[in-house]
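Here's the structure we're looking at; comments come further down.
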Amino acid sequence: MTLRLGDTAPNFQIDTTAGKIDFHEWIGDSWCFFFSHPADFTPVCTTEMGRTAQLAKEFADRNVKPLGLSTDTVEEHNKWIEDVNDTQNTTLEFPIVADADKKISELYEMIHPGESDTAAVRSVYIIDPNKKIRLMMTYPMSLGRNFDEILRAIDGLQTADKHGIATPADWTPGDQVIIPPTVSNEEAQKKFPQGFDEIRSYLRYTKV
Ligand code: BEZ
């Protein structure tokens, strides 16, 4: 099965460091940042797990629940979390999926044999409260993810949903946004009473 944007995220039941979960039930009315790691006790992963723990308030402020995954057991994860907390000066509280038999990594296409037959690559799935996959990113083993970009992408998706806009290159919260071409000027005047700049008929900026 190939996963695409807009698909319902496949549901699963699995053991995690916070006990057994049903993925969809666990997401509930939140968003989810579901991200995979090659293995416990590896250096890049340790920094990524630590960064996610340090950003707990940033995720909570956006109503996003982080869920990690690596292809090891709960016991190994729990030992690794002690190291993450110790080396990254944090307290990791989000659950990590124990995917020792790789069922979930295969379901979510996190195993890329060109990188490794046995370990998951660095996949990111941003899933919305309707359980739709809204964003996917795939990083190789050697490259740690950019968490500013992950938070920026979540902000962009949530701002787009709230205001019916799109966001330009390198947008960050507070910057101008784009009125989609499907919205006529007449509709735009009603929808954005604050006004808009028409650079071209297809390129209109406003503030939200
Ligand atoms: C790491 O997470 O540090 C890592 C994992 C596999 C290969 C290289 C680095």
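The values are calculated or read from the model by the stated rules, or taken from the named source; none is laboratory data. The structure displayed is predicted, hence computed values, not measured ones. Ideal geometry is used to build each Cβ from the backbone, glycine not excepted, and the neighbour counts take in all protein chains shown. Heads up: the accessible areas ignore ligands, DNA and RNA and are worked out on the full protein's heavy atoms, side chains in. Shrake-Rupley method; radii C 1.70, N 1.55, O 1.52, S 1.80 Å.
Of all lysines in the structure, the ones whose alpha carbon falls short of 27 Å from that of Lys190, not counting any fewer than 8 places away in one chain, are Lys162, Lys207. If you run the Gaussian network model on the chain, springs between alpha carbon atoms under 10 Å, then out of Lys65, Lys162, Lys102 the most flexible one is Lys162. Across all directions, the average flat footprint of the convex hull enclosing the Cα atoms of the stretch 164-206 is 3.0 nm².
Using only the alpha-carbon atoms, how far is helix 74-88 inclined from the longest principal axis of the chain? Give it as 0 to 90 degrees, nearest 10. So the inclination is approximately 70 degrees. Once C-alpha pairs closer than 8 Å and six or more residues apart are averaged by separation and normalised to the residue number of the chain, the relative contact order reads 21 percent. Taking N as the residue count of the chain, its C-alpha radius of gyration divided by 2.2 N^0.38 Å amounts to 1.14. Taking the C-alpha atoms only, the angle from helix 147-163 to the longest principal axis of the chain is near 40 degrees. For the stretch 190-201, 3J(HN,Hα) computed residue by residue from phi via the Karplus equation (6.51, -1.76, 1.60; θ = phi - 60°) reads 6, 6, 10, x, 5, x, 8, 9, 9, 7, 9, 4 Hz, glycine and proline entered as x. When the chain is treated as a GNM with alpha-carbon contacts under 10 Å, the residue of Ser105, Ser30, Ser142 showing the greatest mean-square fluctuation is Ser142. Using the Cβ-Cβ distance between Asp148 and Glu187 with R0 = 30 Å, the FRET efficiency computed as 1/(1 + (r/R0)^6) comes to roughly 0.35. For the stretch 13-145, the tally of Lys pairs with Cα-Cα distances below 25 Å comes to 22, considering only residues 8 or more apart or on different chains. Mind checking the angle between helix 43-54 and the chain's longest principal axis? C-alpha axes, 0 to 90 degrees, to the nearest 10. The helix 43-54 is inclined about 60 degrees to the chain. Where nothing but the Cβ of Lys and Arg (+1) and of Asp and Glu (-1) is charged, how large is the charge dipole of the stretch 49-159 around its Cα centre, in debye to the nearest 20? Once rounded to the nearest 20, the dipole reads 520 debye. For the chain, the Cβ-based charge dipole about the Cα centre amounts to some 860 debye (Lys, Arg positive; Asp, Glu negative; other atoms uncharged).
Taking each DSSP H run with n ≥ 4 as -39500 (n - 2.57) and averaging over every residue of the chain yields -9500 deg cm²/dmol at 222 nm.
Per-residue surface analysis assigns Lys131 an accessible area of about 30 Å², computed on protein heavy atoms at 1.4 Å probe radius. Share of carbon and sulfur in the accessible area of the stretch 164-206 stands at 51%, probe radius 1.4 Å. Taking the charge dipole of the stretch 72-208 about its Cα centre, with +1 at Lys and Arg Cβ atoms and -1 at Asp and Glu Cβ atoms, the residue from Val177, Ile127, Leu107 reaching farthest to the positive side is Val177.
Placing pseudo-labels 7 Å out from each Cα toward the beta carbon at Arg4 and Glu106 gives an inter-label distance of 2.4 nm.
With protein chains left intact and a 1.4 Å probe, residues in the chain average 50 Å² of accessible area per residue.
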